[in-house]
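A quick write-up on the structure given underneath.
The values are calculated or read from the model by the stated rules, or taken from the named source; none is laboratory data. For clarity, every value in this text was computed on a predicted model and none was experimentally measured. Using ideal geometry, Cβ is built from the backbone for each residue, glycine included, and neighbour counts are taken over all protein chains shown.
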Amino acid sequence: MTLSTASAPHAMTKKQAVRFITALAHARPDAESELVYASPFELLVAVVLSAQATDKSVNKVTPSLFSAAPDPAAMAHLGRNPSPHTYVVSDSGVQRPET
């Protein structure tokens, strides 16, 4: 079975992405997120977590997570060195993958 190229997803060019984001911003200038965040990094992490859990449950665990890992380097360190905070995201419904 093969997929037709007409239905297959494709990556946007940078120009297309800028046009798309601009159109969204004009269409919904008052759009807000239910996710609680204080920086673009926190928003990115919260969005990734919310793909697997509810925004409400993500908002419950992110204060502790961001306290333990407030930036990308600290988050990477946390991932390499499991601690009690490594498992805090499981409270949101996101489970740590088994190795």
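Here is how the numbers come out for the structure above:
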{"read-out": "Residues that are assigned to a helix (DSSP H, G or I) and closer than 23 Å to K60 by Cβ, drawn from the stretch 24-46", "value": "P40, F41, E42, L43, L44, V45, A46"}
{"read-out": "Residues located in the stretch 47-73, provided they are in a helix (DSSP H, G or I) and of a type in the set (S, T, N, Q)", "value": "S50, S57, N59, T62, S64, S67"}
{"read-out": "Scope the stretch 42-67; condition surrounded by fewer than 16 Cβ atoms within 10 Å (Cβ to Cβ) and touching a helix residue (DSSP H, G or I) at 6+ places or on another chain (Cβ under 6 Å); matching residues", "value": "S64"}
{"read-out": "Unique residue being modelled with pLDDT of 90 or more and of a type in the set (A, V, I, L, M, F, W, C) when the list is V61, V48", "value": "V48"}
{"read-out": "Count of residues meeting criterion [surrounded by fewer than 12 Cβ atoms within 10 Å (Cβ to Cβ) and in contact (Cβ under 8 Å) with a residue 24 or more places away in the chain] in the stretch 68-77", "value": "1"}
{"read-out": "Filtered residue count, the stretch 75-98, keeping only those that are aliphatic (A, V, I, L, M), over 21 Å from L35 (Cα atoms) and modelled with pLDDT of 85 or more", "value": "1"}
